[in-house]
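Notes to accompany the following structure.
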Amino acid sequence: MSQMNIVPAKYRYVAFYDLLADAAFQHNLASSSKNSFQMSRYARASIIASALSIECIANCLLDSIDVPKSLRDELDKLPPLSKIETTLRMKGVSAFNRGRHEIQKAVDLIRVRNDYVHAKTVAWDAEVHEPKDADTEWMIPFSIQGEHWKSLGIPKQATFWSKDASLAVLRVICDFFRYLLVDVMKADDEELHRMLPSRLEFANVLMPAVFDELTRETAILKKDGVDFSFLNVTSDKQ
């Protein structure tokens, strides 16, 4: 039996679409959950995946420019939005407008991620209501009121996140990515496929590796007005 030819190749893993699929998947679980604790758990996972996708796309942009490693390491220390703007300017794109509401919401979502990762003990005003007999034990009802991120429309405290919060955040990243990729970069399918998905590279061929789960989970979001079809992840261009 003759030995088959082996072609040297490189597989590049990029987390962007995995994070996007996770955000959609966890939100869909939150939407179908009848238990408030489970709903909040799924919503938290969805929101953090959404927030991380902004950091990920900043790194995707940085990886798309040809600069010395020493400069890349310096640029990598920038905050996500600064990294995006700097990389765009190095590409000759100056239309990134910090005053846009899509960007302001993305900035707040990054703050949400930072607050979640660096969790601190907080104290809220609460009201304790009359105890109730719960058979083998007494139940003491109480109510608390937390603050909200005004631009995002979600509670600042993760314990209050629900399917409404995860949906609001999915809308934020959808609008931000559409503004960045379509309005600012005017990226075509080829540029998107060379930057965002994991991919197998060999000879002069680039094969995006995107699982069907991404299109399936994000398609469910369309009924709520969240449409990621501008990413064209099902295109077969190479």
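Just for the range 189-238: of the residues that are of a type in the set (Val, Ile, Thr) and in contact with a Ser or Thr (Cβ under 9 Å, 6 or more places away or on another chain), which one is surrounded by the fewest Cβ atoms within 10 Å (Cβ to Cβ)? Before the answer, list the steps.
The initial filter retains those residues of the range 189-238 that are of a type in the set (Val, Ile, Thr), namely 205, 210, 215, 218, 220, 226, 233-234.
Those still in the list that are in contact with a Ser or Thr (Cβ under 9 Å, 6 or more places away or on another chain) too: 210, 215, 218, 220, 226, 233-234.
On the way: 210: 19, 215: 17, 218: 24, 220: 14, 226: 19, 233: 22, 234: 11.
Checked the range 189-238; the qualifying residue surrounded by the fewest Cβ atoms within 10 Å (Cβ to Cβ) is 234.
Take the residues in the range 17-38 that are charged (D, E, K, R) and either over 14 Å from residue 212 (Cβ atoms) or at pLDDT 95 or above (or both); name whichever of them is surrounded by the fewest Cβ atoms within 10 Å (Cβ to Cβ).
Once the filter is applied, the top-ranked residue is 34.
Among the residues of the range 140-153 satisfying the criterion of being under 20 Å from residue 37 (Cα atoms) and in contact with an Asp or Glu (Cβ under 8 Å, 6 or more places away or on another chain), which is modelled with the lowest pLDDT?
Within the range 140-153, the match that is modelled with the lowest pLDDT is 142.
What is the number of the single condition among (1) modelled with pLDDT of 75 or more; (2) exposed (fewer than 13 other Cβ atoms within 10 Å of the Cβ) that residue 156 does not meet?
With respect to (1) modelled with pLDDT of 75 or more; (2) exposed (fewer than 13 other Cβ atoms within 10 Å of the Cβ), residue 156 is out only on (2).
Listed here are the residues, each with its yes/no results for (1) basic (Lys, Arg); (2) in contact with a helix residue (DSSP H, G or I) (Cβ under 8 Å, 6 or more places away or on another chain).
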| site | (1), (2) |
| --- | --- |
| 9 | no, no |
| 12 | yes, no |
| 15 | no, yes |
| 20 | no, yes |
| 23 | no, yes |
| 27 | no, yes |
| 30 | no, yes |
| 35 | no, no |
| 42 | no, yes |
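Could you list, in sequence order, the residues of the range 15-56 that are farther than 19 Å from residue 174 by Cβ and not in a helix (DSSP H, G or I)?
Correct list: 33, 34, 35.
Each row is one residue, and each column tells you yes or no for (1) modelled with pLDDT of 95 or more; (2) of a type in the set (Lys, Arg); (3) more than 14 Å from the chain's Cα centre (by Cα).
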| position | (1), (2), (3) |
| --- | --- |
| 45 | yes, no, no |
| 48 | yes, no, no |
| 51 | yes, no, no |
| 56 | yes, no, no |
| 63 | no, no, yes |
| 67 | no, no, yes |
| 83 | yes, yes, yes |
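List every residue pair whose Cβ atoms sit under 7 Å apart, with the two residues 6 or more apart in sequence or on different chains, where the first one lies in the range 4-19 and is over 18 Å from residue 56 (Cα atoms) and the second, anywhere, is in a loop (DSSP other than H, G, I, E, B) and modelled with pLDDT under 95.
Listed pairs, sorted by first residue: 7/203.
The values are calculated or read from the model by the stated rules, or taken from the named source; none is laboratory data. Computed from a predicted structure; not experimentally measured. Every residue, glycine among them, receives a Cβ derived from its backbone with ideal geometry; neighbour counts consider all protein chains shown.
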